[in-house]
Amino acid sequence: MLKTMKKSMAGAGIGLAFILAGCGAQSSDDVVIYTNADEEATAAMETSLDDAGYEGEYILQSQGTSELGGKLLAEGDQIEADVVTMSSYFLDSAQEQNDMFADLTFETDALEGHSDFYTPILGNTGAIFVNTEVLKQHGLEAPESIADLAMPEYEGLVSIPNIDDSSTGWLMVQAIIDEYGEAEGKAILKDVIANVGPHLESSGSGPISKVQAGEVAAGFGLRHQAVAAKDSGAPIDFVDPTEGNYSLIEAVGVVNKEENDEKSQKAMEMAEVISTDAREELLTYYPVALYEGETVDDTHEPAHAKTFDQTLSVELLEQHQEFFNSAK
């Protein structure tokens, strides 16, 4: 769900996709929460807030990443939201442009360093996955790397997300550029895209669906989805590519609105609840340890966890989108 920022700005005025908190008409005292999270994550956030005593005191509104990103960049601290959960690189870019978020007033014990105005709430990690039955049908060995997906024998048997539509596609592009550089990486990516053919997906979940359905033999997407599919008994296996397992973090921040100190304090408290009380449930859907003391099953530990060598930002995303499209 990740268009270029030109498209994001154009979509900034699009109506909200849906409202999850059944709170009735909005009061001026309601804390407004904007999120790009999917249904499982928003449900976990709602549960944690209601259990903490905030039921009926907030409005939780879900939007696509591009739409919400456009709002953040265009509206700054004039945005309706008091709390935002969003991809961390978008929050960083919005803060750099608009200085719109307040520093958090609560302590966090995140495993990785992050900006003072947000704290992580969930993580997504990329990997290759395969349909073992389709591999056998075509006499193929399971790939060990993203570069293997460029081999001629995989023609028509690969599915990947389109980086113009899905942030999951960015995880693959980061791995290619970091490992091979732009020149060699573009050549590899060109052959991968050629093998993909009609299986270039607009959704990050599209490739795992194609692989599970047996329409393709291999795909790139979110690692935890493949682990869950394998655990369910489907003929699915997951492969940590030798280029590395890259991750994207979604985080929560509080918009700096000094005109209402009481509401701002409540917003800060809710942000803390989301980052702490919701984590147990979020970990069941997004098994990436983000805080001290968190553990995940060994199957959810990627073999080649890596971080891109440049700070992630909207500008870097746009560069990588251009890289991807030039390889088509």
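The values are calculated or read from the model by the stated rules, or taken from the named source; none is laboratory data. These numbers come from a predicted model, not from an experiment. For neighbour counting, all protein chains shown are included, and Cβ atoms are generated from backbone atoms with ideal geometry for every residue, glycine included.
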For this session: Provide a single number: the residues in the range 300-328 that are among the acidic types (D, E) and assigned to a helix (DSSP H, G or I).
Result: 3
Exercise. Would the range 226-243 turn up any residue that is more than 19 Å from the chain's Cα centre (by Cα) and more than 30 Å from A289 (Cβ to Cβ)?
Worked result: no
Exercise. Which one of these does S27 not meet: (1) of a type in the set (S, T, Y); (2) at pLDDT 95 or above; (3) assigned to a loop (DSSP other than H, G, I, E, B)?
Worked result: (2)
Exercise. If you check every pair at least six apart or on different chains, which have Cβ atoms under 8 Å apart with a residue in the range 30-52 that is farther than 15 Å from V273 by Cβ first and a residue that is part of a loop (DSSP other than H, G, I, E, B) and at pLDDT 95 or above second?
Worked result: D30/E57; V32/E80; V32/A81; V32/D82; Y34/I79; Y34/E80; Y34/A81
Exercise. With (1) under 19 Å from S264 (Cα atoms); (2) in contact with a helix residue (DSSP H, G or I) (Cβ under 9 Å, 6 or more places away or on another chain); (3) not hydrophobic (A, V, I, L, M, F, W, C) as the list, and D50 as the residue in question, which single condition is left unmet?
Worked result: (2)
For this session: Return the only residue of D298, D277 being surrounded by fewer than 18 Cβ atoms within 10 Å (Cβ to Cβ), among the charged types (D, E, K, R) and in contact with an Asp or Glu (Cβ under 9 Å, 6 or more places away or on another chain).
Result: D277
Seminar exercise, completed: By residue number, the members of the range 266-299 that are at pLDDT below 95, more than 18 Å from A251 (Cβ to Cβ) and either assigned to a helix (DSSP H, G or I) or touching a strand residue (DSSP E or B) at 6+ places or on another chain (Cβ under 8 Å) (or both) are T284, D298, T299
Exercise. Out of the residues in the range 305-328 that are of a type in the set (G, A, S) and closer than 26 Å to A194 by Cα, which is surrounded by the fewest Cβ atoms within 10 Å (Cβ to Cβ)?
Worked result: S326
For this session: Name, by its number, the condition in (1) touching a strand residue (DSSP E or B) at 6+ places or on another chain (Cβ under 6 Å); (2) part of a loop (DSSP other than H, G, I, E, B) that does not hold for F238.
Result: (2)
For this session: Check whether at least one residue in the range 289-298 is touching a Pro at 6+ places or on another chain (Cβ under 7 Å) and within 26 Å of M100 (Cβ to Cβ), and report yes or no.
Result: yes
